[in-house]
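Taken together, the values in this text are just the output of simple stated rules run on the coordinates, not laboratory data. Nothing here was measured: the structure is a model prediction, and the numbers come from that model. Neighbour counts are summed over all protein chains in view; Cβ atoms, including those assigned to glycine, are modelled from backbone coordinates with ideal geometry.
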Amino acid sequence: MTIAIVGGTGPEGSALALRWGGGGEEIVIGSRDAGRASRTAAEVQQKTGGKISGAENRAACQSAEIVVLTVPFQAQAETLKHLKPVLHPGQILVDATVPLAASVGGRATRTLGVWQGSAAEQAAELVPSGIPVVAAFHNISAELLHRDGEIDCDVIVCSDDHEAAARIRKLARKIPGVRALDGGKLENARLVEQLTALLIGFNIRHKGTAGLRITGLPPEAYDI
Ligand SMILES: NC(=O)c1ccc[n+]([C@@H]2O[C@H](COP(=O)([O-])OP(=O)(O)OC[C@H]3O[C@@H](n4cnc5c(N)ncnc54)[C@H](OP(=O)(O)O)[C@@H]3O)[C@@H](O)[C@H]2O)c1
């Protein structure tokens, strides 16, 4: 399975690349600049081994089965318009974008209103038809992912496509310590995205790497 990480030169994208690359997945780091993508890919490769390469964002997506979007919210629509000509049925778009006010110069502890309801629903409007959008990884901090060891955090996965969501829950569980939960329809990304601003507030007040654990559900809810 090839995973393209658009905006993979940033903290979140490169951290996911580290975790999945270390788990044996083939990764293509995407960037607006092919040289920057290659440099990040080389850094990740040095740490994880495996098949990690870098390419300009559009080229990175061309032959990927899974495209993970990790760009700031203000760049999300423009980036998806740039990718549209190469996105094709058979691929899954995973959106990790959080509409933080910080992306337009505001506070990281506040979010922006999105007309469609969430960044993920905006993404769903912008991809070609036949490409399922899955919202995931909003609540898992890049700082935590960049550390070695298990992650004390659950990943809530929202999508209108059950099969695509199940594949991304499986991918999330490749990160040691992570449990992946079915968060229901894509519209629930509205709730999950907002929680990130709350977690950032905890991190600012307590200098931590806050994450979420959902408790009290039967084992099958955690895909155990
Ligand atoms: N950081 C976290 O802990 C965390 C956790 C959960 C979710 N998220 C979400 O994941 C996304 C990425 O987070 P991040 O912290 O990695 O963000 P970031 O460092 O601000 O941006 C990631 C990458 O996006 C590209 N980018 C930046 N501005 C762009 C623009 N105007 N147009 C196109 N591409 C642009 C850059 O890559 P190139 O310059 O190489 O193209 C950059 O390295 C955000 O939506 C964030 O809310 C972050």
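Considering the chain as a Gaussian network with a 10 Å cut-off on Cα pairs, which listed residue, A210, A136, A75, attains the greatest mean-square fluctuation?
So, out of A210, A136, A75, the one fluctuating most is A75.
Count charges around A189 for me, please; just the other residues with Cβ under 12 Å from its Cβ, Lys/Arg as +1, Asp/Glu as -1.
Numbers: positive: K185, R190; negative: D95, E121, D160, E187, E193.
Once all neighbours under 12 Å are counted, the net charge is -3.
Looking at the stretch 65-222 only, what percent of DSSP beta bridges run antiparallel? Nearest 5 please. Before the final figure, lay out each step's value.
Working: 3 of 15 bridges.
Counting DSSP beta bridges with both partners in the stretch 65-222, the antiparallel share is about 20 percent.
At 222 nm, what helix-only mean residue ellipticity would the chain give, in deg cm²/dmol to the nearest 500, using -39500 (n - 2.57) for each DSSP H run of four or more?
Numbers: 8 runs with 85 residues, N = 224.
So the helix-based figure for the chain works out to -11500 deg cm²/dmol.
If you put +1 on each Lys and Arg Cβ and -1 on each Asp and Glu Cβ, how big is the dipole of the chain around its Cα centre, in Debye rounded to 20?
On the way: 23 positive and 24 negative charges, 112 e Å.
So the magnitude is around 540 debye.
Just order 66-72, 107-113, 35-41 by mean Cβ neighbour count inside 10 Å, highest at the front, would you? Numbers along the way, then the final one.
Values: 66-72: 24.7, 107-113: 15.4, 35-41: 19.0.
Highest-to-lowest ranking by the protection proxy: 66-72, 35-41, 107-113.
Quick one: if you stick a label point 7 Å off each Cα along the C-beta vector at E187 and Q116, how many nm between them?
Distance between label points: 1.5 nm.
Calculate the FRET efficiency for A108 and D223 from the Cβ-Cβ distance with a Förster distance of 25 Å, rounded to the nearest 0.05. Mind dumping the intermediate values first?
Details: r = 31 Å, r/R0 = 1.23.
Calculated value: 0.25.
Using 0.36 nm per residue of separation minus the Cα-Cα distance, give me the extension gain between D160 and K174 in nm, one decimal. Don't skip to the end; give the middle numbers.
On the way: separation 14, 0.36 × 14 = 5.04 nm, distance 2.23 nm.
Gain in length upon complete extension: 2.8 nm.
Could you tell me how many cubic angstrom of Cα convex hull volume the stretch 153-217 has per residue? If you can, show how the numbers build up before the last one.
Working: hull volume 5.7 nm³, N = 65.
Residue-normalised Cα hull volume stands at 88 Å³.
Taking K and R as +1 and D and E as -1, what net charge do the other residues with C-beta under 10 Å from the C-beta of S31 add up to?
Summing Lys/Arg as +1 and Asp/Glu as -1 gives +1.
Beyond 25 Å, how much of the Cα-Cα pair distribution for the stretch 65-222 remains, as a whole percent?
Values: 3388 of 12403 pairs.
Above the 25 Å cut-off, the stretch 65-222 has 27 percent of its Cα pairs.
How much net charge surrounds S159 when only other residues with a Cβ under 12 Å from its Cβ are counted (Lys, Arg +1; Asp, Glu -1)? Before the final figure, lay out the partial values.
Numbers: positive: R167, R169, K185; negative: D95, E121, D160, D161, E163, D182, E187.
In short, -4.
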